[in-house]
Ligand SMILES: CC(C)(COP(=O)(O)OP(=O)(O)OC[C@H]1O[C@@H](n2cnc3c(N)ncnc32)[C@H](O)[C@@H]1OP(=O)(O)O)[C@@H](O)C(=O)NCCC(=O)NCCS
C-alpha cells in the first residue's frame, strides 16, 4: 500500500483560560469548546461542506463527564457533521491532541479516509489533573516507578538533579523570555488570528473569551526569583517557570493533497513524519529528546534542516535540556517558540499538541524561507512526541522544493 501525502489546511484554537472558578470557561462545557473549533474550521473553509468530513478524532486526558462518551463521535453530532462521519477519542495525556492529529493523518495516508478533523481539549478546571485516576498500587509497591513519577512538577525537579549545571536562575531566565515573547507576539497581532472568540457565561456575566488568560506580561526576574517551590523544599520549579493549569481546545483540518486541490483549498503544511518514544517516568520532561532523535532517524532530517521548533514548555528546565541536547542557543534561540510558549499561554494538556501545530502554520506563513518545522512535547509517565511538517507557504512550488 502506497502512503498518500497528508496536508494540514487550517487550524484554530480557543483562547486558553485559567482552570478553576476564576477562569472564563468555568461554566462552559469541554465538548462545547470542541464544537466551536469544528464549526469554525467549517466556517473558515466554506468549500468544505459538513458531509465531506469523514473522521473526527479528539484527544483528552480525562475521558469522562463533559470530556467522555467518545468525544470524537459526540462532538461530530453536536457540530452538525454528517451521521456518516465516524469519530473516536484518544489519550496520550499531554500529547492526546498530537496523537489525534497523527492518528487521523495515518488514516488519511493509508487511504481509510480523505478528510478529517483532529484536535485536543482539556478542561483542567472540570477535571483537575489526576483527580479521578486510580494508579495500580503495584506502580509504587513493586517500585516500578518512584512516587515522583506521578507528580509532573517533581519530575521537573528530578531533571534539575540530572543536569545540575542547569540552575533555577536559568529556568527563571528562560521563563522571563517566554513571557516577553508572548507580549511581543500579542502586540504584533500574531496570536489573535489563531483564536476563535467564544462568548461564554461567567460570574461577571457574558464575556468574549478571545485572549489567553495565563500570560503575565508584568513578569520580572526579581518576581520569578521570589516564588515558592511547591514541589520540593528549596527546589527550583515554581509557578513562574512552569506551565499553568488551564482550559482550552485546539483543532486542525487534514486531508490528502489531492483532495485539497479538488476542493480549491490551500494546504499550509505537509506532514513529513512523526515519532513517539518513552523514557523513565521520573524524568518525563526528557521525552522530546528521544522522540525527536527518532523522527530525525526515520525521516533522514537533522536539526540543521529545521527552521522552526515549537516545543511545549511544560517546565522551563525541560525546554532547556532539549535546547542543550540539540544545540539551540539559551535563553532564546530565534528558531525556538518565536512567538512564545506554554509557560505564558498555558498548557491545557491535550490541547497543546495541536496548538503547537497551529503556531507552526502561522509562523511558516511569516517565514517562507523556512522549509521544515518541528512540533514536540513531553508526556506524563515518560514519553515524548515529535512531528515534522514541511512549509507549503513558500514562494517555491512543492515540486521545486522537492528538487532542492
Ligand atoms: C506550579 C503550579 C502548582 C502553580 O499553581 P498555582 O499555585 O495555582 O499557581 P498560581 O498561578 O496561583 O501562581 C502561584 C503564585 O505565583 C505567582 N506567579 C505565577 N507566575 C508568576 C510570574 N511569572 N511572575 C510573578 N509571580 C508569578 C502568582 O501570582 C501566585 O502568587 P500568589 O500566591 O501571591 O497569588 C501549577 O501551575 C502546576 O502544577 N503547573 C504544572 C502543570 C503540569 O504539571 N502540567 C503537566 C505538564 S506534563
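What follows draws every value from the coordinates through simple rules; no lab data is involved. All values derive from a computational prediction rather than experimental measurement. Virtual Cβ from ideal backbone geometry, glycine too; neighbours counted across all protein chains shown.
Please report the antiparallel percentage of DSSP beta bridges with both residues in the chain, rounded to the nearest 5.
70 percent
On full extension of the chain, what length is gained from residue 131 through residue 83, given 0.36 nm per residue of separation minus the C-alpha to C-alpha distance?
Working: separation 48, 0.36 × 48 = 17.28 nm, distance 3.40 nm.
Additional length available on full extension: 13.9 nm.
Rounded to the nearest 0.05, what FRET efficiency is calculated for residue 234 and residue 201 with R0 set to 45 Å and r the Cβ-Cβ distance? Walk me through the numbers before you get to the answer.
On the way: r = 43 Å, r/R0 = 0.95.
Given R0 = 45 Å and the Cβ-Cβ separation, E is 0.60.
Which order do the peptides 238-246, 373-381, 352-360 come out in when sorted by mean C-beta neighbours inside 10 angstrom, highest first?
Details: 238-246: 23.3, 373-381: 27.4, 352-360: 29.3.
Per-residue Cβ counts within 10 Å, averaged per peptide and sorted highest first, yield 352-360, 373-381, 238-246.
Answer rounded, prolate or oblate for the chain, using the Cα gyration tensor with square roots of eigenvalues a ≥ b ≥ c: rounded when a/c is under 1.5, else prolate when a/b is larger than b/c, else oblate. Walk me through the numbers before you get to the answer.
Working: a/c = 1.44, a/b = 1.24, b/c = 1.16.
Verdict is rounded for the chain.
Between residue 180 and residue 366, what is the label-to-label distance in nm when each label sits 7 Å out along the Cα-to-Cβ direction?
About 1.6 nm separates the two model spin labels.
Under a point spin-label approximation (7 Å from Cα along Cα-to-Cβ), what is the residue 69-residue 261 distance to one decimal in nm?
My value for the distance between the label points is 4.2 nm.
Could you compute the FRET efficiency for residue 192 and residue 39, with r as their C-beta to C-beta distance and R0 at 22 Å, rounded to 0.05? Let's see the in-between values first.
Details: r = 19 Å, r/R0 = 0.86.
According to the calculation, E is roughly 0.70.
Measuring from label point to label point, each 7 Å out along Cα→Cβ, what is the residue 112 to residue 220 span in nm?
5.4 nm
Figure the gain on full extension for residue 144 and residue 162 (residue separation times 0.36 nm, minus the Cα-Cα span) and round it to one decimal in nm.
On the way: separation 18, 0.36 × 18 = 6.48 nm, distance 1.93 nm.
Taking 0.36 nm per residue and subtracting the Cα distance, the gain is 4.5 nm.
Given a Förster radius of 22 Å and the C-beta distance between residue 303 and residue 3 as r, what FRET efficiency does 1/(1 + (r/R0)^6) yield to the nearest 0.05? Spell out each step's value before the answer.
Values: r = 25 Å, r/R0 = 1.12.
Rounded to the nearest 0.05, the efficiency is 0.35.
Place the peptides 275-281, 330-336 in order of packing, highest mean first, counting for every residue the other Cβ atoms within 10 Å and averaging per peptide. Write down the numbers at each step before the final one.
Working: 275-281: 18.9, 330-336: 17.3.
Highest to lowest by the protection proxy: 275-281, 330-336.
Below 8 Å, C-alpha to C-alpha, sequence gap of six or more: please give me the relative contact order for the chain in percent.
On the way: 973 pairs, mean separation 106.9, N = 404.
With pairs under 8 Å counted, the relative contact order is 26 percent.
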